[in-house]
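Notes to accompany the following structure.
Values quoted throughout were computed directly from the atomic coordinates according to the rules given, and no laboratory measurement underlies them. Just so you know, these numbers come straight off a predicted model, no measurement behind them. Heads up, the Cβs are rebuilt from the backbone with ideal geometry, glycines too, and the neighbour counts pull from every protein chain shown.
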Amino acid sequence: MSMREMTYGEAVKEAIAEEMRRDPTVFLMGEDVGKAGTVFKVLAGLHDEFGDDRVIDTPIAEAGLVGLGVGAALTGSRPIVDIMFGDFITLAMDQIVNQAAKLRYMSGGQARVPLTIRSTMGAGRSSAAQHSQSLHAWLAHIPGLKVAIPATPADAKGLFKSAVRDDNPVVIYEDKMMYALKGMVPSKENYTIPFGQADIKREGDDVTLIATSSMVHVALDAAHTLAEQGISAEVVDPRTLVPLDSETLIDSVVKTTRAVIIDEGHKSFGITGEIASVVYRGAFDYIDAPIVRLGAMDVPVPFSKPLEDATIPTATDVVNAVREMGIEKA
Amino acid sequence: MSIPAEILIKMYRAMLRIRRFEEQIWEVYTSGLMHGLAHLYIGEEAVAVGVCAALRDDDFITSTHRGHGHCVAKGGDLEAMMAEVMGRVTGHCRGKGGSMHIADMSVGILGANGIVGGGFGIATGAGLSAKKRGTDQVAVCFFGDGASNQGIFFEVMNFAAIWKLPVIYVCENNHYGEYTPTASVTAGERIADRALPFGIPGTTVDGSDAIAVYGATAEAVARARRGDGATLIECDTYRYRGHHVGDPGEGYRPKEEIEAWMAKDPIERLRKKIVADDLASEAELDAEMREVEREMENALKAAKAAPYPDVAEVKKHVYA
Ligand SMILES: Cc1ncc(C[n+]2csc(CCOP(=O)(O)OP(=O)(O)O)c2C)c(N)n1
Ligand SMILES: [Mg+2]
């Protein structure tokens, strides 16, 4: 397969551009997505190609913005709505949870809501409590929504294209710390990744590290360190939370008999708890150590750097967790 | 409107303090001593200062992401503010909030806000509480032109109108929300007109003129204290710098436009007025500048020397 190197941000932009070229009903709207190309500058150039009609700057009004997206999706358009920071999704929660997610079901299967909401997540930029949250668990909790959370440029491109083509509302989360991350991306125009397919990012035998979004890279770092210590870690990335590829996660833990789950959402009532229960049930007879969950500390994200750093899981945390699992090397 | 000389000089000094604080933030930020986002208020000083000069210490304000000016004007401490934006434990919020969340409840600063429109509910609720508690306190809600398109703005004006709440909505119309010109995303001639359907008075003032802002606010405060309810004041203003440190502020804003606004600088303007009216001499105003300079230097020195919070503090203050 022919591949090209690009950044995560470029992959997202390319996915949107290709889908807009392919399907005239696709358009993008959001705050400063036009000439500015978003505040992260990730979509710079899209407006030049598609113009005001299809790359639309909106008022600062998240509830209305998403509401319009729902209505447009319901009536033959395929909108992509941009919510700059994941924290601001809370302002549009009624539109997402009570409207977008439920229209198909409530209408007895009549409605289709092919809406893509793209937003960001992740701490680490000293942006404090209202610009750093990872709230993807909120949305994964709601039947009727799909949630994708790509960790690499290739996954970002493939999943984004699938999101746009999906006939359901999809929320796709980009970690803003990853925009400059480089990786190889398949060149072919129709490169998509189906939802519900986890990806084994590194193979191993002794322990499974199940990680999402930027935490995949934390897990890969940890796996590297562990390898130097003679422990072989497998890194599995679910890539989409809804639908969740339980089978791949369970199979990996059946093989390794141990798991650490790492996600940047708050630990309590979140993604790691859900995945742990899926794995416990599926791999119960094979598990040799209590599953460890690592998530953002259960506090609002603090501004001050030393405090903020303490709230996000690190590769060291992962390594320490694994080392306490009593893995005996032959 | 004739305003006592001491208030004019106080306003001049307050504007200088904001300007110097913000210039200092620029330095601190670009030299790597500060992280995160820093939205500077340079050019808009007359709004915060004109409004807050008409308030009492026990009145309330809610602020925005561009909040340093409001906090200085309402009585925030320069040293504690500087320490806060640098994430130090001596900051107003012990380093937990940072630039976008500075709060000093002791002087009625209910908090800057990272959410555009985040202050609407809080300010209106503070007005409701003042009324319930039978005080004559008022609450001021600072917000941007961009925030005026959030739905909650219309919800709170309705509340304030039906219950005659002592709230003053102060719109800082600086003609841009981030990189988007206000006119391209905002219906109607004036944001002030948005009050009219609610029966709330709405006026537009020159936001580079501290005296005009003070006058409009004093009138709104008197009305609120009398029990006659809310007012919306739209202040026509401009930020000299980019949306935040890191945005050069050009490209999306015509050079001539920036220059035209800088030519009617609010600080220079008040200074000229004070001197022309013989309320203070150039020398006296220069002395004010030196005094502010000294204060700023001390604040910066103290903030730089202050420690970061102990990591053990990270779990503190989640609950009361
Ligand atoms: C709910 C919400 N949406 C979007 C943002 C991102 N954002 C931060 S400042 C800003 C522009 C605000 O414009 P305005 O209200 O006019 O204030 P100004 O920056 O011009 O002072 C935007 C869109 C945010 N912080 N909160
Ligand atoms: Mg503005």
Low-density loop positions, trypsin sites (Lys or Arg not before Pro), the stretch A:224-330 - DSSP coil, at most 10 other Cβ in 10 Å: A:K329
Eligible lysines near A:K329 by straight Cα distance, threshold 28 Å, same-chain separation 8 or greater: A:K201, A:K255
Of the trypsin sites (Lys or Arg not before Pro) in the stretch A:19-72, those whose Cβ has at most 14 other Cβ within 10 Å and which sit in DSSP loop: A:K41
Helix-only mean residue ellipticity at 222 nm for chain B, each DSSP H run of n ≥ 4 adding -39500 (n - 2.57), per residue, nearest 500: -14000 deg cm²/dmol
Prolate/oblate/rounded label for chain B (Cα gyration tensor, a/c 1.5): rounded
Contact order normalised by residue count of chain B, Cα under 8 Å, 6+ apart, percent: 23
Inter-label distance, nm, simple model (7 Å from Cα along the C-beta direction), B:F154/B:E27: 4.7
Fully extended contour minus Cα-Cα distance, from A:E203 to A:T25, at 0.36 nm per residue: 60.0 nm
Protection proxy ranking, peptides A:179-185, A:310-316, A:96-102, average beta carbon neighbours within 10 Å, highest first: A:96-102, A:310-316, A:179-185
Lysines whose Cα lies under 16 Å from that of B:K255, excluding same-chain neighbours fewer than 8 positions away: B:K264
Sorted peptide list for A:109-118, B:301-310, B:164-173, criterion being average Cβ within 10 angstrom, highest first: B:164-173, A:109-118, B:301-310
Antiparallel bridges, percent of DSSP beta bridges restricted to the stretch A:3-186 (to nearest 5): 20
Antiparallel bridge percentage (DSSP; both residues within the protein assembly as shown; nearest 5): 20
Shielding by partners - mean other protein chain Cβ count within 10 Å, residues of B:169-180: 3
Three-way shape label, the stretch A:3-186, alpha-carbon gyration tensor, a/c 1.5: rounded
Average beta-carbon neighbours from other chains, 10 Å sphere, peptide B:247-257: 1
Cα gyration tensor shape of the stretch A:45-94, rounded if a/c is under 1.5, else prolate or oblate by comparing a/b with b/c: oblate
Lysine pair count for the stretch A:3-186 [Cα-Cα under 18 Å; pairs on different chains or 8 or more apart]: 14
Contact order relative to length of chain A, as percent, for alpha carbon pairs under 8 angstrom and 6 or more apart: 16
Those aspartates and glutamates that a straight Cα-Cα span of less than 20 Å connects to B:K164, excepting residues fewer than 8 apart in one chain: B:D58, B:D59, B:D136, B:E155, B:D193, B:E219, B:D228, B:E234
